[in-house]
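Read the structure below first, then the notes.
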Amino acid sequence: MADFIRQTASEPLRLKPTMPVGPLRDTVIFPGNSVPIISGRPKSKAALDIAWNSDKLIVFVTQKNSKIEDPTDKDLYKVGTVCLIRRVVKNPEGEYTLQAEGLSRVFLKNFTLVDPYLEAEIEEIPDLYEKTEQTEALVRTVREQVKRYLELGGNPFFDSANIANWSLFTYSDDPNQLVNSITQAIDFKTIDKQQILEMVSAIERLQRLSELLAKEIRILEISQKISSQTQERVSKMTKEAILREQMKSIEEELGGADGEHQEVKEFELKIKKSGMPKEVLERAKKELSRLAKMSAYNPEAGYIRNYLEWLTDLPWRLVKRGKIDLKIAEGILEEDHYGLKKVKERIIEYLAVFKLAGKIKGPILCFVGPPGTGKTSIGKSIARALNRKFARISLGGIRDEAEIRGHRRTYVGSLPGRIIQGIKQAGTNNPVFMLDEIDKIGSDYRGDPSAALLEALDPEQNEGFSDHYLEVPYDLSNVMFITTANILDTIPIALRDRLEVIRYPGYTEDEKFHIAKKFLLPKQVKNHGLNIDRIEFTDEAIYSVIREYTREAGVRNLERELSAVMRKIARKIAEGNGEMKRFLITPEDIHKFLGPIKFLPILAEKENEIGMATGLSVTEAGGEVLFIEVTLMPGKGNLLLTGQLGDVMKESGQAAMSYVRSHWADLGLAENFFQKVDVHVHVPEGAIPKDGPSAGITLTTAIVSAFIKIPVHKEVAMTGEVTLRGRVLEIGGFKEKVLAAHRAGVKAVIAPSDNEKDLEDIPDYVQKDLKFIFVKHMDDVLKVALVRPPQPAVRKTIPVPAPAYLA
């Protein structure tokens, strides 16, 4: 390839066909511009050495990715600039500092050498342009844009005294040189500079440069506007602060009081009337003194103001109460709730002691039972019976200790905890305070809320309850705390120890009937805009809803179904002429309004079956009937337990199997009866977790029935823990399980003899409908549960010699 000759202002310059290449990071060099460069990479220094020792010419090309340390030909753009190395200095760290002057744009055709330095074949890109009106217009536009850029504070790329002298960056009328000079001087993005370097047409280069200058001008204008607005705000605030201080000085001279002084006086009056204890009073006065000395524009003034508002708004004085009339209180409880005999007795006892002692310290009441049994609503009735205000907070899902104790005042937007907030909302320091869903408190890295409740719920400590926000003690000893929960297992032991548990066993069918008739129906009739005198439910209709459309321990779903009936009636009236005629609702109407029956009697179609027994359990929703199925199949004596059973229930199944194996002769089985079969025990409704030891006798009965091929009575349900020796142990939740058996249509219940004492909690009509069989041993269970008792096998008696130590 022939050598290229380029004529410059000084001397002709000869470009060789191949030249060393120096990669640049975040730098683009344009012809006609001198740029300082620092080079420290081995290949770059090698290329510089070659160029310096020959004609001092090198091609500088920009990298596509500046993070690449050792770029190859694929990492470089295809257009660069031939530069003349004017000066090279090697510093102590081994880096080269040089001054490079751009001469000409070149295209890198292909690389001929990649190690120890980069070398490529090049082809010069000529700087051609046609002098037209469009070119002249673009040149003028660019010059005006540069002027505007400098006026807005853009970094000048030449001395400001010579702005008018355009020859500083345009030594001729060449538009390419104008583009080169301006693009080199202004801090555009590297990719934008490279784009302009690669363009051949002078018009396209001028248009692209004009676009970039317009963008920079818009940014500078917005920046200048923001700066101007900020300066105006600061000046205004400074002026207002100076004027306010001057006004304050004038008013002090005149003896007047401004708004800030008035606010301080108001706080002083509120503190005086609040009845705070001495310790709290001193703290309030101290904070008020700080507020009085503080500028209104001090951010901390707002925090102190909020703190004083909380202190002065809290009820510190004990509100005088009227006389307690036990008969009136008992009448209120009976009026609001049906049943719940033990709960009402405990409340009346509390009132009696309170009436005599004036103030009592005792355990916190904890109502535990299934959803929908009236645990939360009875709190309002207790407050009405006590003639106190009622406050309630829900603890479900709380995981942050600060929700109970509050946030410290160092945090922006901090507030007291929920207990103090509830006291303030109630407006008295002796409300009935209900902590709902205490069993659903969580804990995480932010602390354990249940631990924070220990102080509030301990009668020996809550006289000085410490809230992080208040930072002063608050007396909670006059508050009557009531908590509710569905289960006790998730409540920490230390917290449970402070609670007096009152169990809600769930409502019987008769109790649900009276609740629906006395409370739910009138409420739903009123809610749906109907007339109670025009709507009548027959007793059979109410029982139809209870038996066929709900199955629960509470009455929440019952109320929901009654609401659906009311909606049907309301629609009939609305679609007519609006006249409300008399409606008599019968079981047939219930089926018409609510659709097909949702719950058939559990045991209605059940036959006496082999390997299937009826058990009883307790869940969060109350008592439940569960069926245990056992099947045998060829195998090696393995026991398989399914139905999402917990560890305790699995161990009960293993204990039941061990009992059967050890009593093979009493059950009429062969000695090795289990060696060639596998036993599969399944509890249906496998999606629901099940656990507990009380299914022990049910599991044993089902396994025995499967092996001896004798069916189990379909109308007999059972509950009790079994030991390896066959003893039947006491269980919990006796009332809930009995009520579940009664709802299911069971005729007899087998239970441990130690639970016979719990019969007093069972309603009389349930005792009349059910036959209770109390047992002490598994043999007694099998005699009753199986259709016929097992026949013992005849086995030879082999004398066993006495141990040597007994001889």
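Taking +1 at the Cβ of each Lys and Arg and -1 at the Cβ of each Asp and Glu, which of A553, A570, F537 sits farthest along the dipole of region 502-574 towards its positive end, judged by Cα position relative to the Cα centre?
Toward the positive end, the furthest listed residue is A570.
For region 488-557, what is the per residue volume of the convex hull drawn over the alpha-carbon atoms, in cubic angstrom?
Hull volume over Cα atoms, normalised by residue count, gives 130 Å³.
How much accessible area does I219 have with a 1.4 Å probe, in Å² rounded to the nearest 10?
Approximately 90 Å² of I219 is accessible to the 1.4 Å probe.
Return the aspartates and glutamates within reach of K424: Cα separation strictly under 12 angstrom, same-chain partners fewer than 8 residues apart disregarded; answer none if there are no such residues.
Reachable aspartates and glutamates: E309, D313.
Mind jotting down the distance between the C-alpha centroids of region 495-561 and region 687-738, whole Å?
So the separation of the two Cα centres works out to 31 Å.
For K323, give me every one of the lysines with a C-alpha distance below 18 angstrom, ignoring sequence neighbours fewer than eight places off in its own chain.
Cα-Cα hits under 18 Å: K355, K359, K389.
Work out the FRET efficiency for R408 and R218 from their Cβ-Cβ distance, taking R0 = 56 Å, and round it to the nearest 0.05.
That gives a FRET efficiency of 0.75.
For the chain, what % of the accessible area comes from carbon and sulfur atoms, probe 1.4 Å?
For the chain, the apolar C and S fraction of the accessible surface comes to 51 percent.
With +1 on each Lys and Arg Cβ and -1 on each Asp and Glu Cβ, and nothing else charged, work out how big the dipole of region 49-99 is about its Cα centre, in Debye to the nearest 20.
Approximately 260 debye in magnitude.
Report the gain in length on full extension from E536 to L318: 0.36 nm times residue separation, minus Cα-Cα distance, nm rounded to one decimal.
Result: 73.7 nm gained on full extension.
Under a 1.4 angstrom probe, counting protein chains only, how are K512, K768, K517 ranked by accessible area, largest first?
My answer, sorted largest first, is K768, K517, K512.
Could you state the principal axis extents of the C-alpha atoms in region 201-244, from the largest down, to the nearest angstrom?
65, 7, 5 Å, listed from the longest principal axis down.
Could you state the accessible area per residue of the chain in Å², with a 1.4 Å probe and every protein chain left in place?
Numbers: 42550 Å² over 807 residues.
With the other protein chains kept in place, the chain gives 53 Å² per residue.
Any idea what log10 I(q)/I(0) is at q = 0.11, 0.17, 0.23 Å⁻¹ for region 595-726, Debye with uniform C-alpha scatterers and no solvent?
Summing over Cα pairs of region 595-726 leads to -0.38, -0.88, -1.53.
Counting C-alpha atoms alone, how compact is region 35-85: give Rg to one decimal and Dmax as a whole number, in angstrom.
That works out to 11.2, 31 Å for Rg and Dmax.
For the chain, what does the helix formula give at 222 nm: sum of -39500 (n - 2.57) over DSSP H segments with n ≥ 4, over the residue count, nearest 500 deg cm²/dmol?
Calculated at 222 nm, the ellipticity per residue is -12500 deg cm²/dmol.
For region 485-490, what does the Karplus curve 6.51 cos²θ - 1.76 cosθ + 1.60, with θ = phi - 60°, yield as ³J(HN,Hα) per residue in whole Hz, taken in order and with x for Gly and Pro?
Per residue, the Karplus-derived 3J(HN,Hα) values read 7, 8, 9, 9, 4, 8 Hz.
Using Cα positions and a limit of under 18 Å, work out the lysines in reach of K650, with same-chain residues fewer than 8 apart set aside.
Of all the lysines, those that pass the test against K650 - Cα under 18 Å, at least 8 places apart if same chain - are K690.
Quick check: the distance between the Cα centres of region 325-342 and region 55-91, to the nearest angstrom?
Taking the Cα centre of region 55-91 as reference, the centre of region 325-342 is 94 Å away.
Checking the table K676/K783; K327/K517; K43/K109; K747/K783; K375/K747 against a 23 Å threshold on Cα-Cα, which pairs fail?
Values: K676/K783 27 Å; K327/K517 25 Å; K43/K109 20 Å; K747/K783 16 Å; K375/K747 31 Å.
Where the Cα-Cα span goes over 23 Å, the pairs concerned are K676/K783; K327/K517; K375/K747.
Can you give the Kirkwood hydrodynamic radius of the chain from its Cα pairs, in Å with one decimal?
37.2 Å is the Kirkwood radius here.
The values are calculated or read from the model by the stated rules, or taken from the named source; none is laboratory data. Nothing here was measured: the structure is a model prediction, and the numbers come from that model. Ideal geometry is used to build each Cβ from the backbone, glycine not excepted, and the neighbour counts take in all protein chains shown. With ligands, DNA and RNA removed, areas are computed over all heavy atoms of the protein, side chains included. Shrake-Rupley method; radii C 1.70, N 1.55, O 1.52, S 1.80 Å.
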